[in-house]
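FYI, it's all coordinate maths here, none of it is from the lab. The structure displayed is predicted, hence computed values, not measured ones. For neighbour counting, all protein chains shown are included, and Cβ atoms are generated from backbone atoms with ideal geometry for every residue, glycine included.
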Amino acid sequence: MSKNSLSEIKRSLETHVGAKIMLKANGGRKKTIERTGVLEETYPSVFIVKLDQEQHAFKRVSYSYADILTESVEVTVCKDEGQVKITYIEH
């Protein structure tokens, strides 16, 4: 796993802080967890999502950038003009 690719994912997410996002996470045993919320903060190793209160029991969740790199988590940014999926594609 390249540190460069993790920093690219972090930079990509930093531009969307405050935006509404949709998460699809691997819940194990062929389960997929879908959550919506607002990208609240990015840190050196993780990012924090404040979940929609009426839909979820938890207030916040955090994931690492490695989760996106390994495709354990899929992040889609919801914008007025459409949706932007945050992924890492090797060159």
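Structure notes:
- Summing charges over neighbours of N26, with a neighbour being any other residue whose Cβ is under 10 Å away from its Cβ, gives +1 when K and R count +1 and D and E count -1.
- Each Lys or Arg adds one and each Asp or Glu subtracts one; over the other residues with Cβ under 15 Å from the Cβ of T36, this totals +3.
- Over 18 Å between alpha carbons, listed pairs K10/K85; K20/K79; K10/K59; K31/K79: K10/K59; K31/K79
- Taking other residues whose beta carbon is less than 10 angstrom from the beta carbon of V75, and scoring Lys, Arg as +1 and Asp, Glu as -1, yields 0.
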